[in-house]
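Everything on this sheet refers to the single structure shown next.
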Amino acid sequence: MNHAANYIDIKTSDGIVFLEIRVFMAQGIQDPDHVWLVMIKAMRALTRYAAAGIGDTGLGDSDFRVLEVLLHKGPLPVNTIGPIVDLTPGSISIAVDRLFGKGLVSRVESAEDRRVRIVALTRRGKDLIVPAFRKHAGQMRKAFSDLGPEELRSLEAALKKVGRRAAALMEHL
């Protein structure tokens, strides 16, 4: 079998990480396991790059994700936030407690169901996450700057398709 040479080239310049994914395919054949490896390596590099910027805010990754969800979706029940940011029920409770302790979120009982707690950004939380997310978005634009609009659309569509398929396969395990 003729295998392709796949690699990720990570370069830094003045503290900025430039990510270049190169995939060379032999005769148009690409093994899914190689694509998975390239995707994992790219995700790790992107995660490290994003974490460096997020770390400047004093927030950890999970706290950033919770605040970002509240910024873009508005107040939400605690049990709704966890699956969105990929945190277990115990972990989301701890994250919300931590953010509440820092004065970044508020928690109130739902008017419809007192067992449900609604979490919302406080003014202090919004003042922290808005510029932090703006910086993060800029970092992601730099990381993806070698891709044109059509390549970005294609990449997004392909990743969603693979993600949905993997989720459906998980239901059958």
Checklist outcome for this item: In region 58-173, lysine pairs 8 or more places apart or on different chains with C-alpha atoms under 23 Å apart total 8
Next on the checklist: Compute the distance from the alpha-carbon center of region 121-152 to that of region 59-110, in whole Å.
Outcome noted: 19 Å
Next on the checklist: Could you tell me the calculated FRET efficiency between Ala51 and Glu151, based on Cβ-Cβ distance and R0 = 25 angstrom, to the nearest 0.05?
Outcome noted: 0.50
Next on the checklist: Just to be sure I understand the model, the point goes 7 Å from the Cα along the line to the Cβ. What's the resulting Gln30 to Ala137 distance in nm?
Outcome noted: 2.9 nm
Next on the checklist: So the label point goes 7 Å from the Cα of Lys126 along Cα→C-beta, right? Which residues of region 58-87 then have their backbone N under 16 Å from it?
Outcome noted: 67-76
Checklist outcome for this item: So the FRET efficiency between Ala168 and Leu37, C-beta based with R0 = 30 Å and rounded to 0.05, is 0.85
Checklist entry - Long-range amide H contacts for Ile118: which residues qualify at under 5 Å (H placed 1.01 Å from N, peptide plane, sequence gap of 5 or more or a different chain)? => result Val108, Glu109, Ser110
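Where a number appears in this text, it was derived from the coordinates with a stated rule and is not lab data. Worth saying up front: this structure is predicted, and the values here are computed from it rather than measured. Cβ: placed from backbone, ideal geometry, glycine included. Neighbour counts: every protein chain shown.
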